[in-house]
Amino acid sequence: MINEDQKLWDFHETENRQSFALARPRLNYIAKRISTIKKAGKVLDIGIGDGYLLEALSKQYDVYGLDISSVNIEKTQEDFAARKINAHLAAGSGWRPRLF
């Protein structure tokens, strides 16, 4: 059963993705810091939002994303496939992920 919080996240992560644009400077900073710490390997993003951080990191790392919204995971997978971005995505919470 989908609760009100889930409906809110599904809306913002699929229909209102521009709301994440304000986070891009912070996400660029995070991506830059990660690249100074680790040169290659795997990275997990929990709460992928619009997938911006995963996309930025996918050029250098094997990226994994976890998000509570299965609707967002579907949308991001379609978007990434169309743009040939390789990412392993799953729907679920940090406690009990469900592979998608």
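The values are calculated or read from the model by the stated rules, or taken from the named source; none is laboratory data. Since the model is a prediction, treat every value here as computed from it, not as a measurement. Glycine gets a Cβ as well: all are built from the backbone with ideal geometry, and neighbour counts include every protein chain shown. Protein only, heavy atoms only, side chains kept; ligands, DNA and RNA dropped before computing areas. Shrake-Rupley method; radii C 1.70, N 1.55, O 1.52, S 1.80 Å.
All conditions but one from (1) in contact (Cβ under 8 Å) with a residue 24 or more places away in the chain; (2) assigned to a loop (DSSP other than H, G, I, E, B); (3) surrounded by fewer than 18 Cβ atoms within 10 Å (Cβ to Cβ) apply to residue 28; the one that does not is (2).
Screening residue 20 on (1) open to solvent by less than 60 Å² (accessible area, probe 1.4 Å); (2) at pLDDT 90 or above; (3) assigned to a helix (DSSP H, G or I) shows it passes everything except condition (2).
Yes/no per residue for (1) outside any helix (DSSP H, G or I); (2) touching a Lys or Arg at 6+ places or on another chain (Cβ under 7 Å); (3) open to solvent by less than 30 Å² (accessible area, probe 1.4 Å):
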{"position": "13", "(1), (2), (3)": "no, no, yes"}
{"position": "39", "(1), (2), (3)": "yes, no, no"}
{"position": "49", "(1), (2), (3)": "yes, no, yes"}
{"position": "64", "(1), (2), (3)": "yes, yes, no"}
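Scanning the range 25-61 for residues that are within 24 Å of residue 84 (Cβ to Cβ), modelled with pLDDT of 85 or more, over 13 Å from the mean Cα position of the chain (by Cα) and charged (D, E, K, R) yields 32, 42, 59. Close contacts from the range 79-100, counting a first residue that is at positive phi and a second that is modelled with pLDDT under 95 and among the charged types (D, E, K, R), with Cβ to Cβ under 9 Å and a gap of 6+ residues or different chains, come to 92/67; 92/98. Filtering the range 68-92 to residues that are open to solvent by 70 Å² or more (accessible area, probe 1.4 Å) and under 10 Å from the mean Cα position of the chain (by Cα) leaves only 88. Flag: residue 89 matches the condition of being modelled with pLDDT of 90 or more and part of a strand (DSSP E or B).
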